[in-house]
1. What is the helix-to-structure angle for A:235-250, meaning the angle in degrees between its Cα long axis and the longest Cα principal axis of chain A, kept from 0 to 90 and rounded to the nearest 10?
2. Does the protein assembly as shown come out rounded, prolate or oblate, given a ≥ b ≥ c as the square roots of the eigenvalues of its C-alpha gyration tensor, rounded meaning a/c under 1.5 and, failing that, prolate meaning a/b above b/c?
3. Note down the nm distance, to one decimal, between modelled labels 7 Å out along Cα→Cβ at residue B:437 and at residue B:195.
4. Between A:120, A:274, A:133, where does the largest GNM mean-square fluctuation fall for chain A, given springs only between Cα atoms within less than 10 Å?
5. Among A:33, B:186, which comes first, then next, by fewest other beta-carbon atoms within 10 Å?
6. Compute the relative contact order of chain B as a whole-number percentage, counting only Cα pairs closer than 8 Å that sit 6 or more residues apart in sequence.
7. Between residue B:268 and residue B:185, what FRET efficiency comes out of the Förster formula 1/(1 + (r/R0)^6) with R0 = 22 Å and r the beta carbon distance, rounded to 0.05?
8. Along Cα→Cβ, 7 Å out, is where each label goes; now give me the distance between the ones at residue B:428 and residue B:150 in nm to one decimal.
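Laboratory data are not the source of any read-out in this text; all were calculated from the coordinates shown. Predicted model, so just to flag it, every value in this text is computed and none were measured. As a convention, Cβ positions derive from the backbone with ideal geometry for all residues, glycine included, and neighbour counts pool all protein chains shown.
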């Protein structure tokens, strides 16, 4: 993991074109939290051409090193709702698997920079949860050139949708009987669940070729090639998602890869999540425990999932709610160790999103996505003072 | 009554002895350096000794609380909040004769939550949607009656320079000035009536049930730096109408004013009105996050400020669309303006959180800590009683499991006036928030803001379809 200093290029010397931003640095910190279980004291992390090229503990800062009290890998938010409001979900049908957030995300949105300033360097954007099956999410770096191609990174493809009351909310006529052709369906939680089962059954029974793009996507979901990323706050909806996966298995349609997003009540039945190998993304911790969809999120939720062995990531959901680092801190307040909290905002979301070969740890060869902190990470008394994204200095600590 | 107290409060007032000694692993006094293995002695509700174990003798008959792993702390002071009361705002524009004493609800969850986060004193004031509101009071967040909670009555009058609902900025400024013009006219009329031999004011005062003897029978010249009313010294003070009297106290400098400003422009209105009526010295500004832009003006006026709970001001450059972030407390700190922090005390965002954010934002720890302890105490005129553990101060001690500003620390015990009023291990609601268990014997409570399945109210901001819905935070 740690290569020798002698093998590295001299940092600070310009590489690439004259106008290209500098992507080679050395970063010195009293503590480097690697997310691999190691904490390196007085370590020098060398970045060459946007990648981490060397890590030397017990070193000294170079003259031109960026310095910080602590360094972690760039944080990863696995459910960042940065999109263009209600226009971020297609409503021509309840089930729109072939839609992609790639065409609904705005890299010019100011919230990307706010996310970056909070230490998030990679964010997954699912479509809004107003559709039962909304479409494919998109994974982006939070800084870089202002184009989708420059920001986007290829991870595990994920089909996003929701189970619960949110996709049916508002689906009733303003007046008159709810039987009109013009009002949107489903109108109940049951109807939402039925839409899921129907589309999966239909896809399973459709021909393997030529049934259309929507069916192709759903068939890949059944085959486990595309993950099912399902928003479900209360335990009853988490159960519905797990039972859906298990039903498809029993029917012999295939083994879905299930990720429960916003699983506020995951603490109620962690053994069910272990049994079904379901990964969970936790929403931000509300102060009174009450989340969307009338769910109750206990303060020790992350601790319960950690102890039960559930794969989970912590999300800040949106740049509006608060920094992801603070959410990790609140998970520590609920009982996680700093190391466990760190994993839940770095390497674990990277694994869930299928990009753990590129991001999520401070290791040689990985993308140089680094956060420089002015104290112990995730304490409220600490904030990110510098951020590197792909080796580019997005937030300057100097 | 006593039975009700133990049942409804999360804690019980078990220890009722007159002398209490706290031995803690660390004592943060905020009156000098922290003391390792320190002792605090509280007698008759006041601190009588504080120091190291070598220096302080524990009285033989004192109840001793020994917590060698915990950190003792004087407790946070909430400088200004409109919670714990029935509706915070009046429909009346000018109502300085009202008193929050009549609307404080001692069993309101707010007080319970404040105690749980180490807040030992709260200045309860009416809300922002007003011109001149009623008088607030400083209370402890514990007690079954307002009297039992009280630290200081009449802590100040709430006013607003920001437009009340339905008013424009101009009408608000006029209404605020008008409140004082009305007082002036009333006092001048009094003098005129007295000169005319009309005893209307005397009869009215007697009708209001006032004693017009002793001090109340005497007249005094108006003690104002800004106003003069010829002949006012002839008016017995007791004859001033009780509805007008609070504002008379304001212009004479005897009643503090908490003036809300919702924008930098409001700061100018507030300072002008205060200057014209001579109460700049007894005014504290309660400020919206955007008001940092008025910092030079505030510095010049020499007033103290209280910051609302959002500490990061965000605005977008109208041309580039870039977001500009300003960490507000740093602006006041750098300008040398005394500022107090405030919180609405959500479980995750209490005063400790506000202080910790200030440290993260680059304010030295002592200065950040002062903003939620000694500065609010000073603003409330309670600097000798609150905000530091020193001899003579009120016997409030908060025992934290660790550093008060660490995200992993919790408030384990609270003593108010030397009485043990909070014990985290017996706090059933903490247990419920922490692991979701409902303690035996408690009834499952329906969420207050239950929206119902399929209700479209929940995500109403998304209905607007506006792509920039992030601005409303």
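1. Taking the Cα atoms of chain A, the angle to A:235-250 is about 80 degrees.
2. Prolate, since a/c reaches 1.5 and a/b exceeds b/c.
3. Result for the modelled spin labels: 7.8 nm.
4. Maximum fluctuation in the GNM of chain A, among the listed residues, is at A:274.
5. Arranged by neighbour count, lowest to highest, A:33, B:186 become B:186, A:33.
6. Taking the mean separation of contacting Cα pairs over the length of chain B, I get 17 percent.
7. Plugging the Cβ-Cβ distance into 1/(1 + (r/R0)^6) gives 0.30.
8. 3.2
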